[in-house]
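*Asks:* What follows is a structure written as structure tokens; I'll ask about it next.
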Amino acid sequence: MNQAAFGAIETWSRVEHPSIVRVREAFTTRAFNDNSLVVAYEYYPNAQTLFEMHIKQKPTVFQHGRLSTFSAALPEATLWSYMIQIASAVKVVHEAGLAVRMVDATKIIVTGKNKIRIGSCGIADVLMYDPRQDTAIAQQEDLAMFGRLVFALCCNSLAAINTLPKALDIMGRQYSADVKALALYLISKPGPHKSITQVIDMIGMNRVLHEMDDMYSSVNRLEAELMSELENGRLVRLLCKFGFINERPVFAREPRWSETGDRYIIKLFRDYVFHQVDENGNPVINLSHVLACLNKLDAGTDERIMLVSRDEQSCLVVSYKDVKACVDAAFGDLARASR
């Protein structure tokens, strides 16, 4: 393996784009009893290729006594989303002085709803290394591969480009004239004015802005889910502190450490949150009450509550802020002793 070929991998490792599977490293090894090339990429679990998602025939249930296969037509909105993402990725690659060489349905993976990434980048640069190769020619081939991919997605067949009249007929019946025009431009003869920039211009600003709107909506949804998980994490940390403190048998040579001082307040608060009963002595299972109390404790509010001992002979009126200070102090004692 020509060591100069690995320079392309180093260049690819600096290419960052949300629609490209980033290259991490490449090396040769004899671990498999041969001279193997290993290229490491970022990992996306449960990803499927565009071929598996949209082109590969999938068996369905028996219909009229026989097993039929069916691949639904790709919605045009999804197709435009894919084309915008691919065009954006190809533009970044071309501006870096590289060629993708892998604009293929079997190499592009779907990692989320309508979210795609071009994979296997850099492998062709290493395996078919040629310092005399004209990058401009390879970039023109990227556009042609892009066009063949559009035909494959529209017609549910990798071989669609081989029967162009039939493919154009299918495309004309199921998709707009803009899709057809863009696909034909992509597979047209190379020329000095044919570029990925022209492709993006043909896609149109309105569609790009619509894609950005969808992206920001998705980001907002993910941020909301993240905030929810953050809330859960805060409450779990509180519950873990309770677990370390409550009912601890011995600490600092005090057998009743968890039952005395500030820890007694924590115990009563635990009962107030989790061990409430109704007028008949039956347990009250109220998750809303638990979550409300834990959130107020985490915030350390000044709201006051009355904590009653189990024998109902004494009671304490404290604020959530006071209880939080007790929890932090007790947990701090345990943390310092564990170091």
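*Asks:* Tell me yes or no: at least one residue of segment 13-33 is in contact with a helix residue (DSSP H, G or I) (Cβ under 8 Å, 6 or more places away or on another chain) and at pLDDT below 85.
*Replies:* no
*Asks:* Search segment 70-90 for residues that are more than 14 Å from Val199 (Cα to Cα) and pair each with any residue that is exposed (fewer than 15 other Cβ atoms within 10 Å of the Cβ) and among the β-branched types (Val, Ile, Thr) when their beta-carbon atoms are under 6 Å apart and the residues are at least 6 apart or on different chains.
*Replies:* The qualifying pairs are Phe70/Thr60.
*Asks:* Can you name the residue in segment 14-30 that is among the hydroxyl-bearing types (Ser, Thr, Tyr) and free of Cβ contacts under 8 Å to residues at least 60 places away in the same chain and, of all such residues, is nearest to Ile108 (Cα to Cα)? Give the steps one after another, and end with the answer.
*Replies:* At the first step, the residues of segment 14-30 found to be among the hydroxyl-bearing types (Ser, Thr, Tyr) are 19, 28-29.
Subsequent filtering for residues that are free of Cβ contacts under 8 Å to residues at least 60 places away in the same chain retains 28-29.
Values: Thr28: 25, Thr29: 26 Å.
Among those that are among the hydroxyl-bearing types (Ser, Thr, Tyr) and free of Cβ contacts under 8 Å to residues at least 60 places away in the same chain, it is Thr28.
*Asks:* Residue check, Leu127 against (1) closer than 19 Å to Thr49 by Cα; (2) touching a strand residue (DSSP E or B) at 6+ places or on another chain (Cβ under 9 Å), all met but one. Which one?
*Replies:* Only one criterion is unmet by Leu127, namely (1).
*Asks:* Then there's this: With respect to Val290, is the statement that it is β-branched (Val, Ile, Thr), surrounded by 11 or more Cβ atoms within 10 Å (Cβ to Cβ) and closer than 30 Å to Arg336 by Cα true?
*Replies:* Working: β-branched (Val, Ile, Thr): yes; surrounded by 11 or more Cβ atoms within 10 Å (Cβ to Cβ): yes; closer than 30 Å to Arg336 by Cα: yes.
In short, yes.
*Asks:* Let me ask you something else. Go through the residues of segment 93-114 one by one and say whether even a single one is in a loop (DSSP other than H, G, I, E, B), at positive phi, in contact (Cβ under 8 Å) with a residue 24 or more places away in the chain and under 22 Å from the mean Cα position of the chain (by Cα). Before the answer, list the steps.
*Replies:* First pass over segment 93-114, keeping only residues in a loop (DSSP other than H, G, I, E, B): 96-107, 113-114.
Within this subset, residues satisfying the condition of being at positive phi are 97, 101, 114.
Those left that are additionally in contact (Cβ under 8 Å) with a residue 24 or more places away in the chain: 97, 101, 114.
Filter again for under 22 Å from the mean Cα position of the chain (by Cα), leaving 114.
Yes, some residue in segment 93-114 is in a loop (DSSP other than H, G, I, E, B), at positive phi, in contact (Cβ under 8 Å) with a residue 24 or more places away in the chain and under 22 Å from the mean Cα position of the chain (by Cα).
*Asks:* Looking at this structure, is Ala292 closer than 28 Å to Ser228 by Cα, of a type in the set (Gly, Ala, Ser) and in contact with a Phe, Trp or Tyr (Cβ under 8 Å, 6 or more places away or on another chain)?
*Replies:* Working: closer than 28 Å to Ser228 by Cα: yes; of a type in the set (Gly, Ala, Ser): yes; in contact with a Phe, Trp or Tyr (Cβ under 8 Å, 6 or more places away or on another chain): no.
Spelling it out, it is not the case that Ala292 is closer than 28 Å to Ser228 by Cα, of a type in the set (Gly, Ala, Ser) and in contact with a Phe, Trp or Tyr (Cβ under 8 Å, 6 or more places away or on another chain).
*Asks:* The conditions are (1) of a type outside the set (S, T, N, Q); (2) crowded, with 17+ Cβ neighbours inside 10 Å; (3) closer than 18 Å to Ala87 by Cα, and Ala160 fails exactly one of them. Which is it?
*Replies:* Evaluating Ala160 over (1) of a type outside the set (S, T, N, Q); (2) crowded, with 17+ Cβ neighbours inside 10 Å; (3) closer than 18 Å to Ala87 by Cα leaves (3) as the failure.
*Asks:* Which residues, taken from segment 297-327, are within 19 Å of Ile245 (Cα to Cα) and among the basic types (Lys, Arg)?
*Replies:* Arg310, Lys321, Lys324
*Asks:* Condition check: over 22 Å from the mean Cα position of the chain (by Cα), basic (Lys, Arg), over 25 Å from Arg24 (Cα atoms) and in the same structural domain as Ser13 (by TED's automatic domain parsing). Does Lys180 satisfy that? Steps first, answer last, please.
*Replies:* Working: over 22 Å from the mean Cα position of the chain (by Cα): yes; basic (Lys, Arg): yes; over 25 Å from Arg24 (Cα atoms): yes; in the same structural domain as Ser13 (by TED's automatic domain parsing): yes.
Yes; evaluated as a whole, the condition is true for this residue.
*Asks:* I'm trying to understand the selection: among the residues of segment 244-273, which are in a helix (DSSP H, G or I) and of a type in the set (A, V, I, L, M)?
*Replies:* Pass one, segment 244-273, residues in a helix (DSSP H, G or I): 244-245, 257-259, 262-273.
The answer is Ile245, Ile265, Ile266, Leu268, Val273.
The values are calculated or read from the model by the stated rules, or taken from the named source; none is laboratory data. Owing to the predicted nature of the structure, the values given are computational and were not obtained by experimental measurement. A quick note on method: Cβ atoms are made from the backbone with ideal geometry, for glycine too, and the neighbour counts reach across all protein chains shown.
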